[in-house]
Every structure is written in C-alpha cells, then in structure tokens.
Amino acid sequence: MKKSVFVVVLGLLFSCGIKVPFDKTIQDKYSLSTEKALKKVQFYISETIILKKSEASGNQGTNEDGVLVSSSDKTEDRVIFPAYSKCIFDGFGDNQELLIRFEPGLAKTLKFSTRPAMPNGKYYIAPEAEGTNAGKITYGKDIFNFSGSGSGVYLMVVQKKLDRTKRKDRVVKGMKV
C-alpha cells in the first residue's frame, strides 16, 4: 500500500509542466502556424503590464474675496495585467503579429511579435510603430502608455513532457537435452 501511494505522489510531482517562452522553435515543433492550432493553446505573459491613460484639466482665477485660486483635475485610467495572466490567441495582425486576448470586448487585444533582429526569438509585446501614437498601445477604443517592464514582456506557454514506455518481459528458461 505504501508503495502505491508513493508512486501516485511521485507521478503527480513529475506530471506538472513548466512555463517556457513561446518562440518560433516551439511554434515549428508543435505545428502552431495556423489560427486553428493557435486557438487551442493557453498563453501566459511573463511580467506585469500596466496600461495608463491620464487627462488633466485646470483653471486659474480669483474668488469673490480677491484670493487667487488655481484648481486642477486629473483622471487616470489604468488597466493592469498581472504577471502569468492567462490569455488566448485571437487572430493575426496586419504584419503577422499575434493578437492576444485577456478579456471579452471589441478590440481588447494586445499585439505580440518577434523582434526584427531576432526573427526566431520570443514574441514580445509590440507597441504602435508609426504615426502619432508611436510607442503607445491601443487597447479597446483607447490609447495607452505602458509601463512595468516595458517592451520586455513576452508570451509563454506551459510545456509538459510525457514519457511512456510499455515493456513486455518474457523469461526464457532454456532447453535441456
């Protein structure tokens, strides 16, 4: 009885997968180049992403007693994606980026792509590359600055290795004259 409990516990310890960076090598190894195949994969992000958008307004003047008054209002919207958050593939972008979804909603995806200098490398978060919003991220209908580890956030997947061996033994007793 003790041996069977030990084997079950040992099996549970070694059956857990590890999170590894999702890169072109894994994509090729597991044939994950089509939308259908990528939609079956559970993705994670490597670090916390914080998207920030702020607006400030203010005015200056005097009150009825002649005192100079300055007032300002600032609103800040933040969207926080904690490290190792689960996410799914939603589609391909214009330049074959991976559009990754964390929640339902129109255009609520983040773009991840390989870096030009490392085409076989990891898929990093990809801010807008050109135009007036260069270096910013569009999420939903809004445009955000992003912080945290910045552009060092990459996609990860859980990789598990299962080795099964079936063995059939037969003991030969030999022959006698």
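The values are calculated or read from the model by the stated rules, or taken from the named source; none is laboratory data. It should be emphasised that the depicted structure is a prediction, and the values quoted were computed from it without experimental measurement. Glycine gets a Cβ as well: all are built from the backbone with ideal geometry, and neighbour counts include every protein chain shown.
Name every residue in region 12-55 that is among the charged types (D, E, K, R), touching a residue at least 40 places away in the same chain (Cβ under 8 Å) and within 19 Å of I80 (Cβ to Cβ), in order of residue number.
Scanning region 12-55 gives E47, K52, K53.
Can you name every residue in region 38-58 that is aliphatic (A, V, I, L, M), surrounded by 11 or more Cβ atoms within 10 Å (Cβ to Cβ) and assigned to a strand (DSSP E or B)? Once the filter is applied, which keeps residues that are aliphatic (A, V, I, L, M), surrounded by 11 or more Cβ atoms within 10 Å (Cβ to Cβ) and assigned to a strand (DSSP E or B), region 38-58 yields I45, I49, I50, L51. For first residues located in region 78-89 and at negative phi and basic (K, R), partners that are at pLDDT 95 or above and not in a strand (DSSP E or B) and lie 6+ apart or on another chain with Cβ distances below 7 Å form the pairs K86/Q42.
A count restricted to region 68-109 and to residues that are farther than 21 Å from G121 by Cβ and exposed (fewer than 10 other Cβ atoms within 10 Å of the Cβ) stands at 11.
In region 59-177, counting only strands (runs of 3 or more DSSP E) that sit wholly within it, the ones holding 3 or more residues that are of a type outside the set (K, R) and over 28 Å from K40 (Cβ atoms) span 68-81, 142-148.
Cβ separations smaller than 9 Å between residues 6+ apart or across chains give the following pairs from region 152-169 residues that are farther than 16 Å from P21 by Cα to residues that are surrounded by 10 or more Cβ atoms within 10 Å (Cβ to Cβ) and not hydrophobic (A, V, I, L, M, F, W, C): L162/S15. Exactly one residue out of S54, S31, S46 is within 30 Å of A126 (Cα to Cα), in contact with a Pro (Cβ under 9 Å, 6 or more places away or on another chain), of a type in the set (G, A, S) and at pLDDT 85 or above, and it is S46.
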